[in-house]
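No lab work stands behind these numbers, since they all come straight from the coordinates. Nothing here was measured: the structure is a model prediction, and the numbers come from that model. Cβ placement follows ideal geometry from the backbone for every residue including glycine, while neighbour counts extend to all protein chains displayed.
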Amino acid sequence: MTTHNDSEVDSTQFRRTMGLWPTGVAVLAVQKENGEVKAMTANSITSVSLDPLLVLVCIHKEATIIPHLHKAPILSLSFLRDDQETLSGYFAKLWEGSEPPDYKFIEWAGGVRLESCVGAVGMKEYAIHEVGDHWIVIGEVVALFESPDPTNPLIFFGGNYRQLTGES
């Protein structure tokens, strides 16, 4: 077991340790006035409140989606399936292919969402807080989507994508 006191903790160790907390993977998207969609991979997502319905997502300050957040009336989170790993890499700007992977955003009451996602949350901006090198964006939920045939979600753990196995 590795332990550290406060004076020895560095960002690399912090990132490795926090990577031991499994998360789902989503794509945060906004649609600009001209119809263009700006999107990024997100996995730092938490439900915050049931009254009102609030969700938060943490976004690095240098993310290219930042300038479009305040201008967009609706933000959406599309939760990825375990067979959509390529989309996670693509929207995280890690894609090395010459052509983008196959995907489609479709319009719905919650803005735009990825076709074939496990589920989606549409929200309007409720609050944005600057914290460290990130923005904490809190959205008030305006629409929900659940796939009629949900499959396993894409999971990220220990620096790798994982799949859920078995049922409880």
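With unit charges on the beta carbon (Lys/Arg positive, Asp/Glu negative), name the residue among Thr165, Met123, Ser78 whose Cα is farthest towards the positive pole of the charge dipole of the chain.
Most positive-ward Cα: Met123.
What residue among Glu125, Glu33, Glu115 has the largest mean-square fluctuation in a Gaussian network model of the chain, using Cα springs under 10 Å?
Answer for the Gaussian network model of the chain: Glu33.
Which whole-Hz couplings ³J(HN,Hα) result when phi for each residue of region 30-39 is put into the Karplus expression 6.51 cos²θ - 1.76 cosθ + 1.60, θ = phi - 60°, listed in order with x for Gly and Pro?
Those phi angles translate into 9, 10, 6, 4, 7, x, 5, 9, 9, 8 Hz.
How large is the dipole of region 91-168 about the Cα centre if only Lys and Arg carry +1 and Asp and Glu carry -1, each at its Cβ, rounded to the nearest 20 debye?
80
Sort 154-164, 74-84 for me by packing, meaning the mean count of neighbouring Cβ atoms within 10 Å per residue, highest on top.
Result, highest mean Cβ count within 10 Å first: 74-84, 154-164.
Given charges of +1 on the Cβ of Lys and Arg and -1 on the Cβ of Asp and Glu, with all other atoms neutral, how large is the dipole of region 56-99 about its Cα centre, in debye to the nearest 20?
The dipole of region 56-99 has a size of about 360 debye.
Can you pull the three principal axis extents for the Cα set of the chain, in Å, largest first?
Sorted from largest, the Cα extents of the chain read 49, 40, 38 Å.
Taking the Cα centre of the chain as origin, work out the dipole magnitude from +1 charges on Lys and Arg Cβ and -1 charges on Asp and Glu Cβ, in debye rounded to 20.
Result for the chain is approximately 180 debye, rounded to the nearest 20.
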